[in-house]
Amino acid sequence: MRKTYKKLTYTDRQIIEYMAGHGAGVRAMAEETGVHVATIYRELQRGADEKGHYRAEKAQQALFS
């Protein structure tokens, strides 16, 4: 069965930041947040800081700029 579309919330982004910081894989992040793996890859690009680390705050602000 196909998953329904789901927007990431700020809480989802905080979960992704925590998991990424602790070395979790993209599939684990996708399962935890209930989104497709491709969504996680895009999110990791959107929220990357200068050093390449994911920041939930940066990703959240990118949506409103």
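The values are calculated or read from the model by the stated rules, or taken from the named source; none is laboratory data. Quick caveat, the model's predicted, so the values are computed rather than measured. Positions of Cβ are generated from backbone atoms using ideal geometry, with glycine treated the same way; all protein chains shown enter the neighbour counts. For the accessible areas, the whole protein counts, side chains as well, though only heavy atoms, and no ligand, DNA or RNA atoms are used. Shrake-Rupley method; radii C 1.70, N 1.55, O 1.52, S 1.80 Å.
Using helices alone, I'd like the mean residue ellipticity at 222 nm for the chain: each DSSP H run of four-plus residues gives -39500 (n - 2.57), total over residue count, nearest 500. After summing the helix terms and dividing by the residues of the chain, the value is -17000 deg cm²/dmol. A simple count of charges around ALA62, restricted to other residues whose Cβ falls under 15 Å of its Cβ and scoring Lys, Arg +1 and Asp, Glu -1, yields 0.
Remark: the chain carries a charge dipole of roughly 300 debye about the Cα centre, counting +1 on each Lys and Arg Cβ and -1 on each Asp and Glu Cβ. Here the chain exposes an accessible surface that is 52 percent carbon and sulfur, computed with a 1.4 Å probe and the other protein chains kept in place. Straight-line reach from LYS7: taking Cα to Cα under 12 Å and skipping same-chain neighbours fewer than 8 places apart, the aspartates and glutamates in range are GLU43. For region 48-65, the Karplus equation 6.51 cos²θ - 1.76 cosθ + 1.60, evaluated at θ = phi - 60°, returns couplings of 6, 8, 4, 8, x, 8, 6, 10, 4, 4, 5, 5, 5, 5, 4, 6, 9, 10 Hz by residue, with Gly and Pro reported as x. Each residue, ALA24 and LEU63, gets one label point 7 Å from its Cα in the Cβ direction; the gap between the two is 1.8 nm. Taking all Cα pairs closer than 8 Å and separated by 6 or more residues, the relative contact order of the chain comes to 30 percent. Largest first, the three principal axis extents of the alpha carbons in the chain are 38, 28, 17 Å in whole numbers.
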